[in-house]
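To start, the structure itself, in structure tokens.
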Amino acid sequence: MSDIIYASAKSMAQAIQDKEVSAVELVDAHLARIEEVNPALNAVVQIAADRARAEAADADAALARGESMGALHGVPFTLKDSIDTEGVITTGGTMGRKDYVPDADATVAARLRAAGGILLGKTNTPELTYAGETDNLVYGRTNNPFDLSRAPGGSSGGAGAIVCCGGAAFDIGSDTGGSIRGPAHYCGITGIKPNSGRVPRTGHIVPHGLGALDSLTQNGPMARYVEDLALIMPIISGPDWSDPFISPVPLGDPADVDLSGLRVCFYADNGVRTPTAEIMAAVRAAAAALDDVCASVEEDLPRIIPENPDISDMMRQGDGQAGAMRMLDKYGTTETHEWMTRQLKKASESIVPVGEYTAVLEQVDAYRSAMLGFMENYDVIICPVSSFAALPHGLSMTDEYRSGMNYTGTYNITGWPSTVVRGGTSPEGLPIGVQVVARPWREDVSLAVAQYLEGALGGWQKPPM
């Protein structure tokens, strides 16, 4: 039983169907692993052990009757604490919700449970998911499984840490500027930010309906293996008749993608902040691996990318973070984490007139148009996730960190799908991820390329704990 917690979710589901392991045994094994590693990580902040065991028993009984609940029958998972879970405290990392128990599941939670998945508990996130380090006043700080003195990233840092350690088969993170892809990179797992408009945000702490910012935040799966992202995406995708931004665009199957026809470009430095030598080497190794199977691979950089940080900052902060303050007021939060306090103060000093803000939105559209023009010549972009591996605690709150994460923020602005897969190791033994960006709505292409790179470059590796 000790090794099955490191298997893929797909393999776990098959093992249950083949009656090689029971759902109860699988749930117990994961709960034991959480109990073992969580005191050091502080990744899982709520445990639903009794309910999980009861649901696992029901799953085993159903299987004995010849009934299958779906593709995730009996597979244990965790969910980021920004996603509502019926009957389980969901704080979103903010004090106003420290005792909040939703009476309904978020759309993604409901869909996973309907497919037979079993919720083990909730994973830590910074306040309102608005930080690059996973720390809040409700639960405190989460640590990186490869080095406890370092951060696992944010805002899906709890998810990245516990999935890496085998405490959950998978998790669902959210990504507004890199919050799935950053923790995947820092914790050595895989994760996808789906295309804007693919997965409903209903029941997420950052809701749909944010006007100019509504296209930025996406929910997406995080796992140890790319095949699990491909397994989960069809389950959580599609309209829920609540999130008005979701479109019924068909989701392709990565297994149907012919890599030999793909045109690939890569860049190891975006001109904003140069990554470490090892990160650039990982990107080049990924490009070299694809050169063996794809139609073409060439080094190229969208010339407009260096403009992204200024556009992104103005887009998010030009209103003085009035949207964030409305959320805090809605949730009854009167005491905020120091990072949130600092950001609100900084934003209040950056308010621009309405006319200037609408001009920024025009710049955003021009940026998206220029990026589309660049992508006409390619099917895939390979690039870094960040300019550094996992940082010591506290550093990720600095402006230095924010410029390093521009590699992900670019593709929140465009809305394109982007998958991260481990591609190397830093001199300190920390994971290094590479980012696989595809054309609009082509998650299948992003996942197919990521799965190839997973095999070529090694993918997930066990942490030293």
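The values are calculated or read from the model by the stated rules, or taken from the named source; none is laboratory data. Here the structure is a predicted model, which means the values were calculated and not measured. Because the Cβ atoms are built from the backbone with ideal geometry, glycine has one as well, and the counts that use them run over all protein chains shown. All accessible areas refer to the heavy atoms of the entire protein, side chains included, with ligands and DNA or RNA removed. Shrake-Rupley method; radii C 1.70, N 1.55, O 1.52, S 1.80 Å.
Quick notes
- Residue count, segment 417-443 (criterion: open to solvent by 10 Å² or more (accessible area, probe 1.4 Å) and within 23 Å of LEU251 (Cβ to Cβ)): 4
- Residue within segment 242-258 that is touching a Cys at 6+ places or on another chain (Cβ under 7 Å) and either touching a residue at least 12 places away in the same chain (Cβ under 8 Å) or not aromatic (Phe, Trp, Tyr) (or both) present: no
- Residues that are within 30 Å of LYS330 (Cβ to Cβ) and open to solvent by 40 Å² or more (accessible area, probe 1.4 Å), drawn from segment 213-225: LEU213
- Flag if GLN343 is under 27 Å from the mean Cα position of the chain (by Cα) and closer than 26 Å to ARG442 by Cα: no
- The residues of segment 346-379 that are over 11 Å from GLY318 (Cα atoms) and not in a helix (DSSP H, G or I), listed by number, are GLU376, ASN377, TYR378, ASP379.
- Of all the residues in segment 64-73, those that are touching a residue at least 40 places away in the same chain (Cβ under 8 Å) and either open to solvent by 20 Å² or more (accessible area, probe 1.4 Å) or of a type in the set (D, E, K, R) (or both) number 4.
- For segment 23-53, filtering for residues that are farther than 15 Å from GLY117 by Cα, more than 24 Å from the chain's Cα centre (by Cα) and touching a residue at least 24 places away in the same chain (Cβ under 8 Å) leaves 1.
- Taken over segment 112-150, the criterion of being of a type in the set (Val, Ile, Thr) and surrounded by fewer than 24 Cβ atoms within 10 Å (Cβ to Cβ) is satisfied by VAL138 alone.
- The residue pairs whose first member lies in segment 444-465 and is open to solvent by 40 Å² or more (accessible area, probe 1.4 Å), whose second member is of a type in the set (Phe, Trp, Tyr) and not in a helix (DSSP H, G or I), and whose beta carbons are closer than 9 Å, counting only pairs six or more residues apart or on different chains, are GLN451/TYR225; PRO464/PHE146; MET465/PHE146.
- Residue satisfying condition, being touching a helix residue (DSSP H, G or I) at 6+ places or on another chain (Cβ under 7 Å) and over 18 Å from TYR267 (Cα atoms), within set ARG402, ARG368: ARG368
- Any hit, segment 192-200, residues being at pLDDT 95 or above and hydrophobic (A, V, I, L, M, F, W, C): yes
- In segment 151-185, the residues that are in contact with a Pro (Cβ under 8 Å, 6 or more places away or on another chain) and either open to solvent by 10 Å² or more (accessible area, probe 1.4 Å) or in a loop (DSSP other than H, G, I, E, B) (or both): ALA151, PRO152, GLY153, GLY154, SER155, SER156, CYS165, ALA168, ALA169
- Only one entry in ASP365, ASP399 is under 30 Å from LEU137 (Cβ atoms), more than 21 Å from the chain's Cα centre (by Cα) and open to solvent by 60 Å² or more (accessible area, probe 1.4 Å), namely ASP399.
- Qualifying position, being in contact (Cβ under 8 Å) with a residue 24 or more places away in the chain, out of contact with any strand residue (DSSP E or B) (no Cβ under 9 Å at 6 or more places or on another chain) and within 25 Å of TRP241 (Cα to Cα), among ALA106, ALA115: ALA115
- Within segment 95-111, the set of residues being under 22 Å from the mean Cα position of the chain (by Cα), open to solvent by 20 Å² or more (accessible area, probe 1.4 Å) and hydrophobic (A, V, I, L, M, F, W, C) comprises ALA110 only.
- Matching option when the condition is open to solvent by less than 40 Å² (accessible area, probe 1.4 Å) and touching a Lys or Arg at 6+ places or on another chain (Cβ under 6 Å), among ILE5, ILE16: ILE5
- Residue in segment 186-194 that is touching a residue at least 60 places away in the same chain (Cβ under 8 Å), of a type in the set (A, V, I, L, M) and not in a loop (DSSP other than H, G, I, E, B) present: yes
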